[in-house]
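Just so it is clear, none of the values below were taken in a lab; they were calculated from the coordinates. Quantities reported herein were computed from a predicted structural model and do not represent experimental measurements. Here the Cβ is made from the backbone with ideal geometry for all residues, glycine too, and neighbour counts use every protein chain on show.
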Amino acid sequence: MLRQKLGDRVLGPVIPNIARIRSYFGQNIMLKLEKSAPVLSGAKALIRHTTEIMLGRPGLSQVQVAVDVDPV
């Protein structure tokens with residue numbers, strides 16, 4: 001869903017070096033965005049909207065989304 005709106009700015013999903021912690025399996029998605037207020041606020045709204053849609057689907061209610069604004 002993010003790739004439909006942001007195109008080549010979406011990198012991933014990739015499996016991290018530590019793929020599973022306890023009973024949680026992780027995947028990383030990175031967004032490469034410009035540092036302009038309209039782009040960042042639009043991306044935040046898109047992430048929020050996409051997360052709400054995803055969590056509303058059957059079988060995905062247990063998914064957790066963590067946003068890290070400075071992953072490096």
| query | When segment 19-46 is examined, which residues are found to be part of a loop (DSSP other than H, G, I, E, B), closer than 20 Å to residue 62 by Cα and not basic (Lys, Arg)? | reply | 19, 23, 26, 27
| Does residue 7 satisfy the criteria of being part of a helix (DSSP H, G or I) and on the phi > 0 side of the Ramachandran plot? | yes
| Residues of segment 53-66 satisfying the condition of being closer than 23 Å to residue 9 by Cα, out of contact with any Ser or Thr (no Cβ under 9 Å at 6 or more places or on another chain) and either of a type in the set (Lys, Arg) or surrounded by 10 or more Cβ atoms within 10 Å (Cβ to Cβ) (or both) | 53, 54
| Is it the case that some residue within segment 36-51 is β-branched (Val, Ile, Thr) and more than 22 Å from residue 16 (Cα to Cα)? | yes
| note | In segment 15-42, anything of a type in the set (Lys, Arg) and either in contact (Cβ under 8 Å) with a residue 24 or more places away in the chain or loosely packed, with under 10 Cβ neighbours inside 10 Å (or both) is listed as 22, 32, 35
